[in-house]
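I'd like to ask some things about the structure below.
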Amino acid sequence: MDEQVRRQPDGCRHALSEAYDTALLDLDGVVYAGGQAIEHAVASLTRAREGGMHLAYVTNNAARTPQAVADQLSGFGLPTGPDDVITSAQAVARLISEQVPPGARVLAIGGEGLRVALRERGLEPVLSADDDPAAVVQGYDPSLDWERLAEAAYAVQRGVPWFASNTDTDDPQGARDRPRQRCVGGGGPDRRGRHPAGGGQTAAADAPGDGAADRCAAAAGDRRPARHRHRGGL
């Protein structure tokens with residue numbers, strides 16, 4: 001990555017698509033809102049892509065697979081493949097794979113996007129604390145129930161390390177915010193790695209913050225990334 005990375009807004013003598021080779025774009029509030037494309041977003045991004053800029057979409061929604069996100073964006077008129085999408089599920093799966101043995105079992109408390117990301121890293125998602133998991137991972141899942149959350153608590157109490165895809169506290173849905181991730185049972189670790197339920201090691205693969213953004217930039221294969229965030233996160 002280019003050593004002269006700017007981390008604060010500043011003036012630019014050229015169009016952003018000329019000054020940067022890749023845009024890391026948040027989705028909700030940047031590209032779409034409430035399931036509808038934001039006015040001018042599609043046209044602006046299309047011009048940037050036609051000018052040679054690589055568009056990479058970054059989301060803290062660990063429930064959806066990259067393919068599902070790509071299909072939605074393509075439906076807006078933004079041709080997108082799964083390789084153009086980086087999810088928090090992929091980020092946390094990578095983090096876990098660096099700390100547990102290959103093929104390890106991981107108690108997955110989340111949706112399909114989280115399970116797919118774990119398998120892509122050669123890890124085996126399981127459903128019970130009795131499956132002897134090497135780690136517990138939590139990701140956003142609107143269908144999460146207390147029985148599944150209890151399984152995670154049992155494992156954490158035994159000292160199994162707990163990972164979270166992100167530390168969001170709300171889920172923007174139009175004019176309302178729904179509870180999300182960190183609001184559920186304490187929501188796993190905060191950004192300092194602390195978990196209110198105690199237990200083993202904790203970690204979060206959060207999109208907000210330069211470290212996570214740099215990992216996304218590396219995954220997108222860029223050298224001069226332009227990052228567009230909403231609500232302080234990617």
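Between residues in region 104-127 that are free of Cβ contacts under 8 Å to residues at least 24 places away in the same chain and more than 18 Å from residue 61 (Cα to Cα) and residues that are among the acidic types (Asp, Glu) and surrounded by fewer than 24 Cβ atoms within 10 Å (Cβ to Cβ), which pairs lie under 9 Å by C-beta distance while being six or more apart or on different chains?
Every condition considered, the pairs that remain are 124/131; 126/132.
Identify the residue in region 1-36 that is closer than 21 Å to residue 83 by Cα and of a type in the set (Gly, Ala, Ser) and, among all such residues, is modelled with the highest pLDDT.
Of everything passing the filter in region 1-36, 23 is modelled with the highest pLDDT.
Residue-by-condition table, conditions (1) surrounded by 20 or more Cβ atoms within 10 Å (Cβ to Cβ); (2) aliphatic (A, V, I, L, M):
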position: 60; (1), (2): yes, no
position: 63; (1), (2): yes, yes
position: 67; (1), (2): no, no
position: 91; (1), (2): yes, yes
position: 94; (1), (2): no, no
position: 98; (1), (2): no, no
position: 101; (1), (2): no, no
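When residues of region 85-144 are filtered for being assigned to a helix (DSSP H, G or I), of a type in the set (Asp, Glu) and out of contact with any strand residue (DSSP E or B) (no Cβ under 8 Å at 6 or more places or on another chain), how many remain?
Of the residues in that region, 3 qualify.
Please verify whether region 49-58 includes one or more residues that are assigned to a helix (DSSP H, G or I) and at pLDDT below 95.
Yes.
The values are calculated or read from the model by the stated rules, or taken from the named source; none is laboratory data. Keep in mind that this is a model prediction, so the values were computed, not measured. Ideal geometry is used to build each Cβ from the backbone, glycine not excepted, and the neighbour counts take in all protein chains shown.
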